[in-house]
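Everything below concerns the one structure shown next.
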Amino acid sequence: GCGICVHKCPFNAITIVNLPEELEEGCVHRYGINAFVLYRLPVVKEGMVVGVLGPNGTGKTTAVKILSGQLIPNLCGNNDNWDNVIKAFRGNELQNYFEKLKKGEIRPIVKPQYVDLIPKAVKGKVRDLLKKADETGKFDEVVKELELENILDREIQQLSGGELQRVAIAAALLRNAHFYFFDEPSSYLDIRQRLRIAKTIRRLAESGKNVLTVEHDLALLDYMSDIIHVVYGKPGAYGIFSQPKSTRNGINEFLRGYLRDENVRFRPFEITFTKTGERKAQEGEILVQYPRLVKEYENGSFRLEVEGGELYVGEVVGIVGPNGIGKTTFVKMLAGVEKPTEGEVDWSLTVSYKPQYIKTDYEGTVFDLLSKIDASKLMSNFYKTELLNPLGIPDLYDRQVNELSGGELQRVAITACLIRDADIYLIDEPSAHLDVEQRLAVSKAIRSLMAKNEKTALIVEHDVMMVDYLSDRLIVFEGEPGKYGRALPPMGMREGMNRFLANIGITFRRDPDTGRPRANKEGSVKDREQKERGEYYYLS
Ligand code: ADP
Ligand code: ADP
Ligand code: MG
């Protein structure tokens, strides 16, 4: 395997040369002539969390819409009623499911993918929204589990992304349904919050409910699912649901690009976790030494203390820690957007910054936007090979910026940041809305641009796989979210990951076949052994 191939444009190159013939029978929905086609559907199993893993644009949300009764599949013809759907699935486990769905005996509930849209549709206070959703009488329990006590009296309009995500998940949990669908529940959450919702979702299944979840954070998907489906195909053209697989096998087959039972190679290369140009911590030329910094906001409610440290030329430093601990505040001080209360960022270095929440009000095409920043980079073979092609940017050139999907906008914003000439690149949460291949393509592009251009990047990130793949060193944030935060000086990966994971109380092991990080179940033999030895994380 060649890892993420820079020359092959990973996620555009996913093509299956011949569609197997028997697939035509499994044709579930076609949006129109020459439009996207969905083949097969996932299973739904009582008492189980069924995970779904696949690239953006391969029909995962479409499948959720069908199983939740929002979309009657046209069976790739002109069908418009459930009876034909029931007939088409005769002998399949889904026959029974669709019969009940039609009779209204099954009540589905969906946590939608884009929680950012909720404030446009719902007004009012969090408490009122959740009280209205509460059909189970579990208001207090769910509020506590998702740590919503402190925001119950806030307006929906004022919530951060991570708060909206937890409110949306809570609203779904409070409903009395049979089938619960969570479409990308991890966006904007920190690792501790991700594992918390994973446990909550697991408990829901254990109480006998059916749960389906679409998720791109591999460590989380792994932790939460009983079985998974891999979705493969050609994004925007067609998508095929695989057979259900054990979680470990399914994820490993996905990474290898080869489905064994189906005998299908859906990607010409394997995804591996070997970093390109492995570098030793604290090696080479120092770019800058930043001093101790303190930030207190006017209202005096939050205090951040940053211990001084040094940054090296060519390195990528991951920034990890819970939400509300001051990561964005730190990045903003380095970018010159916020002024420290004590200390001074008095360097003459230039900074390029991608904020966490991206604005979409730009009027014009992607090409306009990017060429205004630096048109020469769009023509450069180096940038085409290292950045633009791997991120699929040329395919987006003619699109209007304000019509891009979340994942498309994220890739454009990352590109806009990286084509600007600067000494330091500050990138706040690049993984939001990206699929696994895109996350790795972005990670690889950042690493190679920093190494080859001899620049430095600081990346705030919550996806453990991405942090692991991206970072040469880590800045760990500790403290009490919303009250005070402390940023430790940059440290090596082993020390940093151990410190960071010890704060959350979670251990990771490596999958022996693919080398990917896997979260240990709490209290398992491995978990206890690793905690005893203080090895929360294995580098290799
Ligand atoms: P995923 O959830 O895997 O990202 P979706 O199910 O949202 O994928 O979309 C799969 C494909 O179907 C995309 O190319 C999308 O543009 C297309 N699509 C989604 N909804 C519609 C629709 N109502 N009409 C036409 N095409 C659609
Ligand atoms: P993180 O990036 O780690 O999630 P932030 O730096 O965004 O954390 O926020 C840290 C704390 O500071 C939070 O409690 C947040 O509400 C608060 N905060 C952030 N910006 C401001 C501001 N401009 N005024 C007052 N408080 C703020
Ligand atoms: Mg989707």
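What FRET efficiency would be calculated for the residue pair residue 150, residue 420, taking the C-beta separation as r and a Förster radius of 41 Å, to the nearest 0.05? Don't jump to the answer; show the numbers that get you there.
Working: r = 38 Å, r/R0 = 0.92.
For R0 = 41 Å, the calculated efficiency reads 0.65.
Each distinct pair of alpha carbons in the chain adds a 1/r term; the inverse of their mean, the Kirkwood radius, is 24.4 Å. Taking every DSSP beta bridge that has both residues in region 133-266, what percent is antiparallel when rounded to the nearest 5? Beta bridges within region 133-266, antiparallel portion: roughly 60 percent.
Using θ = phi - 60° in the Karplus curve 6.51 cos²θ - 1.76 cosθ + 1.60, the 3J(HN,Hα) couplings for region 305-311 round to 10, 10, 6, x, x, 10, 10 Hz; x is entered for Gly and Pro. Placing pseudo-labels 7 Å out from each Cα toward the beta carbon at residue 96 and residue 203 gives an inter-label distance of 2.8 nm. Near the amide H of residue 537, within less than 5 Å, lie the amide hydrogens of 508, all on another chain or at least 5 residues away, with H placed in the peptide plane. Cross-link pairs exceeding 31 Å in C-alpha to C-alpha distance, out of 245/359; 120/354; 111/455, comprise 245/359; 111/455.
3J(HN,Hα) along region 145-161: 4, 9, 6, 9, 3, 6, 10, 4, 9, 7, 6, 3, 4, 9, 7, 6, x Hz, from the Karplus curve 6.51 cos²θ - 1.76 cosθ + 1.60 with θ = phi - 60°, whole Hz, x for Gly and Pro.
Summing Cβ point charges (Lys, Arg +1; Asp, Glu -1) relative to the Cα centre of the chain gives a dipole of roughly 940 debye.
Would you please put 45-53, 360-368 in order of how densely packed they are, using the mean number of other Cβ atoms within 10 angstrom per residue and starting with the highest? Please report the intermediate quantities before stating the final value.
Numbers: 45-53: 21.1, 360-368: 14.2.
My ranking of the peptides, most packed first, is 45-53, 360-368.
DSSP beta bridges fully contained in the chain are about 45 percent antiparallel.
If neighbour count is taken as other Cβ atoms inside 10 Å, put 417, 76 in order from fewest to most.
Values: 417 21, 76 15.
Ascending number of Cβ neighbours within 10 Å: 76, 417.
Its relative contact order, with pairs defined as Cα atoms under 8 Å and 6+ residues apart, puts region 347-450 at 43 percent. With a Förster radius of 35 Å applied to the C-beta separation of residue 337 and residue 261, the computed FRET efficiency comes to 0.10. Each label was represented as a point 7 Å from its Cα along the Cα-to-Cβ direction; for residue 374 and residue 495 these points are 3.3 nm apart.
Taking 24 Å as the straight-line reach from the Cα of residue 483, the lysines in range (excluding those fewer than 8 positions away in the same chain) are 125, 144, 295, 327, 332, 339.
Sequentially through region 122-138, phi angles give Karplus couplings (6.51, -1.76, 1.60; θ = phi - 60°) of 10, 10, x, 8, 4, 4, 5, 4, 6, 4, 5, 6, 6, 10, 9, x, 9 Hz, Gly and Pro residues having no value and appearing as x. Subtracting the Cα-Cα distance of residue 121 and residue 539 from their residue separation scaled by 0.36 nm leaves 146.0 nm. Farthest toward the positive end of the dipole of the chain, out of 385, 112, 81, is the Cα of 81, where the dipole comes from beta carbon charges about the Cα centre. Projecting the Cα atoms of 364, 56, 313 onto the dipole axis of the chain, where Lys and Arg carry +1 and Asp and Glu carry -1 at the beta carbon, places 56 farthest toward the positive end.
I'd like the FRET efficiency for residue 160 and residue 138, computed as 1/(1 + (r/R0)^6) with the beta carbon distance as r and R0 of 25 Å, rounded to 0.05. Spell out each step's value before the answer.
Values: r = 24 Å, r/R0 = 0.97.
Given R0 = 25 Å and the Cβ-Cβ separation, E is 0.55.
With a cut-off of 8 Å between alpha carbons and a minimum separation of six or more residues, what is the relative contact order of the chain in percent?
Numbers: 1049 pairs, mean separation 94.3, N = 540.
Contact order relative to length: 17 percent.
For region 125-278, what is the relative contact order in percent, using Cα pairs closer than 8 Å and at least 6 residues apart in sequence? It would help to have the intermediate numbers written out before the result.
Details: 175 pairs, mean separation 23.7, N = 154.
Relative contact order of region 125-278: 15 percent.
Taken together, the values in this text are just the output of simple stated rules run on the coordinates, not laboratory data. This is a predicted model, so every value here is computed, not measured. Every residue, glycine as well, gets a Cβ built from its backbone with ideal geometry; the counts of neighbours run over all protein chains shown.
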